[in-house]
Amino acid sequence: MKRPLPKVGCRPVPRTLRSRLIAGMLTMLVLTCAGVGLTTTDTLRHFLTVRLDQQLTDTGGRYAASLERRGSEDPAGEPDESSDTRAQAPGTFGARLKDGTVTKAGVVDGDADDAAVEAGDVAADTDDLVRLTPRDQQALAALVVGGPAADVDLSSLHRYRMHAIAGHDGDVLVTGLPLRPVEDTVHRLVTVELLVFGVALAVTGVAGALWIRWSLRPLGRVVATAEVVSALPLSNGAVALSVRAPDDDPRTEVGRVGSALNRMLGHLEDALAQRQAVEERLRAFTADASHELRTPLASVRGHTELALRHRGPVPAAVRHSLTRIDAESQRMGLLVEDLLLLARLDAGRPLAFTEVDLTRIALDCTADARAAGPEHRWCLALPEQPVLVSGDADRLRQVVGNLLTNARTHTPQGTEVTLRLAAVRAGAVRLTVTDTGPGIGIQPPERAFERFVRGDHARSRSSGTTGLGLAIAHTVVEAHGGTLTVSSRPGRTAFTVQLP
């Protein structure tokens, strides 16, 4: 039986229970790890972002104000505290906007000039200023003054968390902290999680596969028992079903399956034993009946022939009756012989195997069929070299004769019947009988090999045959280790014998 080819583009689906359990377990582990990883990553990112927002709130706009007012005094003559740049973390971004335009922007880079500024030299910091593109200025102008912090991408810098507040003189002070530390921390967490989850999946997959393999061993033993039983020849003969599933613990699912299988095997063993006993009694009855019928049939035929040879005048009606009695007794004799042969074959009587010239059998049987049915057209196709097989010559002759008789009896006059013999390969021989008749009227055609099965009127037993010819041929061919098959349609019916 050919297996269907997998569709292109489709992923292979696990078929065995073991592989499906392992695949399901790994799938659930992957989904669980993915859920845990996404949850922890999102939680960590949110926590770090909230901390940045808190730092932005605590910082206020001191650094942004210092970019414009460094060294100035308030109206009371005190230094402006908004110019204080101390305690600013490296990377802190500051910008001052006036009427939506950035007047100055810078970043605390943590170098020597920042240290000088912290020491009181307000003029030392000269390289912290950054240049912003129009797109960067639009992004800063779009920040909501006093609103929540937002992420902003600057072309010359990395992503920043920005917060805008209102200044003292109608300006807007923007302070930002870099998001790179947050992203680096999240990336490190993701890397650690991938390593940990990968190792966990590998270890769990191996351990789970071993556990599932160990857990399914009882099911494997049940399957092995079923396979052993399925390989036994249960069609005929005495069958001993001594094998049983070793696992039948009713507390487990596999044990219940094993127990049910054992009960089924017990019932099957009883049924096969009863069937074998019935077949043996039937074969014995058939053989005994055939033997017992031989003697009275011989007596009937003898008395009929004696009455037909009577020299005195015999009325025409009586002569006709005697003729019919003789014909029917001959037909009954053939039926008895066929039944006796089938009983012997069913009982497994050994055949007399010798070297048989199948070509000579084909020639002789075709000649006999041509003499019996001159109204048919007989064709013979034989190889140049004789075809030799090992078998029982009388039984093989009976097979070929029955096939030709079947073709002659169940087809109309003028039908062409062809017997073809060929060696198909080393160690095999094929003999085919083909006719151009109306075909077999039963479906499926293989039912023609059953005993006493009749077809339609096109193949009825109109000429007094026993109806066992094809059954005998099929049984004899099987006893030789061969096969007999049939294919039929209107206009062509072929019986094919293949022998080793």
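Values in this text are rule-based calculations from the coordinates and carry no lab data. Here the structure is a predicted model, which is why all the values come from computation and not from measurement. Don't worry about glycine lacking a Cβ; one is built from the backbone with ideal geometry, like all the others, and counts go over all protein chains shown.
Some points to look at:
- FRET efficiency for residue 156 and residue 214, using Cβ-Cβ distance with R0 set to 60 Å, rounded to 0.05: 0.45
- Annotation: amide H-H contacts under 5 Å for residue 440 (H modelled 1.01 Å from N, sequence separation of 5 or more, or interchain): 489.
- Surrounding net charge for residue 209, when Lys and Arg each add one and Asp and Glu each subtract one, Cβ distance under 15 Å: +4
- Calculated on the alpha-carbon coordinates, the convex hull of segment 354-499 measures out at 101 cubic angstrom per residue.
- Couplings for segment 166-176, taken from phi via the Karplus curve 6.51 cos²θ - 1.76 cosθ + 1.60 with θ = phi - 60°, read 7, x, 6, 10, x, 8, 10, 9, 10, 10, x Hz in order; Gly and Pro are left as x.
- Working ranking of peptides 16-23, 335-342 by packing, defined as the average number of other Cβ atoms within 10 Å per residue, highest first, is 335-342, 16-23.
- Contact order normalised by residue count of segment 354-499, Cα under 8 Å, 6+ apart, percent: 24
- Packing-based ranking of 189-200, 386-397 yields 386-397, 189-200, ordered from highest to lowest mean Cβ neighbour count within 10 Å.
- Virtual spin-label span in nm between residue 251 and residue 142, 7 Å along Cα→Cβ: 6.9
- A Förster radius of 22 Å combined with the Cβ-Cβ distance from residue 379 to residue 487 puts the calculated FRET efficiency at roughly 0.75.
- In sequence order, calculated HN-Hα J values of segment 96-103 (Karplus, 6.51, -1.76, 1.60; Hz; x Gly/Pro): 10, 10, 10, 6, x, 10, 6, 8
- Residues whose placed amide H lies under 5 Å from that of residue 376, excluding near-sequence neighbours: 414
- Phi-based couplings in Hz for segment 138-147 (Karplus 6.51, -1.76, 1.60; Gly and Pro marked x): 5, 5, 5, 5, 7, 5, 7, 5, x, x
- The modelled label-to-label distance for the pair residue 131/residue 428, using points 7 Å beyond Cα in the direction of Cβ, is 8.8 nm.
- Under 14 Å, Cβ to Cβ, from residue 318 - net charge with Lys/Arg +1 and Asp/Glu -1: +2
- Label separation (residue 267 vs residue 206): 4.7 nm, computed from points 7 Å beyond Cα along the C-beta direction.
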